[in-house]
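Everything on this sheet refers to the single structure shown next.
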Amino acid sequence: MEVKAKAKFIKMSPAKIRLVANLIKKMPVEKALNQLQFINKLASGPVAVLIKSAMANAEHNFELAKDNLFIKELRVDEGPTLKRSMPRAHGRATPIRKRTSHINLILGEIKPSGAVKAKKQVIAAPIKLEAQPKKEPAVKLKESVKAETAEPKDDAAKEKGKVIVDPRMEGRGGHAKIEGGKGFTTKIFRRKSG
């Protein structure tokens, strides 16, 4: 069973958050939270909050035990960038890019348990659709047409239906293949199809 949680528009660059996220991938949840307490990075705060949120989702919605979860996937994507400018010398302005991030977290179970699926609201359909009758094919072949498509029995009839293929027309795009193999002549007379 997978439990998902998202944190969007975090005002921190994705590169800084990925430094923290790569340390705790594939870890059990409790161990990851302990690890985040002692990482000296500001990005550890939003990641820890997101993990706690996902644990609460697992416990409330799916009735899973907290100690039976691990971080299956932790992906940090780039969000919209706020563009600002800063005044500099000689009346110039230099751009400042304030980056944002989206974090997607998926928790998985270490040992599969008999957990209840997510709570769903029961909505009764007003009208049940009945099975529609099968439609017959629009075109039916007659027996006389089937007999004509069958193979002819004698050799003369077989010879009539054969198509003769010119062996010289084996090049690309139906152009004649130049004999002589590799060399100067093939480069000069090469035709491009299309």
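Report yes if residue 54 is under 20 Å from residue 112 (Cα atoms), at pLDDT below 95 and not hydroxyl-bearing (Ser, Thr, Tyr), otherwise no.
Against the criterion (under 20 Å from residue 112 (Cα atoms), at pLDDT below 95 and not hydroxyl-bearing (Ser, Thr, Tyr)), residue 54 does not qualify.
Can you confirm whether residue 41 is of a type outside the set (Val, Ile, Thr), in contact with a Phe, Trp or Tyr (Cβ under 8 Å, 6 or more places away or on another chain) and in a loop (DSSP other than H, G, I, E, B)?
Here the answer is no, as residue 41 does not meet what is asked.
Residues in region 54-99 that are assigned to a helix (DSSP H, G or I), loosely packed, with under 15 Cβ neighbours inside 10 Å and polar (S, T, N, Q): how many?
1
With more than 25 Å from the chain's Cα centre (by Cα) and either at pLDDT 95 or above or over 16 Å from residue 8 (Cβ atoms) (or both) as the only criterion, which of 98, 72 stands out?
Selected residue: 98, the only one of 98, 72 that is more than 25 Å from the chain's Cα centre (by Cα) and either at pLDDT 95 or above or over 16 Å from residue 8 (Cβ atoms) (or both).
Please verify whether region 8-15 includes one or more residues that are without any contact (Cβ under 8 Å) to a residue 40 or more places away in the chain, in contact with a helix residue (DSSP H, G or I) (Cβ under 6 Å, 6 or more places away or on another chain) and either loosely packed, with under 12 Cβ neighbours inside 10 Å or within 20 Å of residue 102 (Cβ to Cβ) (or both).
no
The values are calculated or read from the model by the stated rules, or taken from the named source; none is laboratory data. Only a predicted model underlies this, so the values are computations on that prediction, with no experimental measurement involved. Glycine gets a Cβ as well: all are built from the backbone with ideal geometry, and neighbour counts include every protein chain shown.
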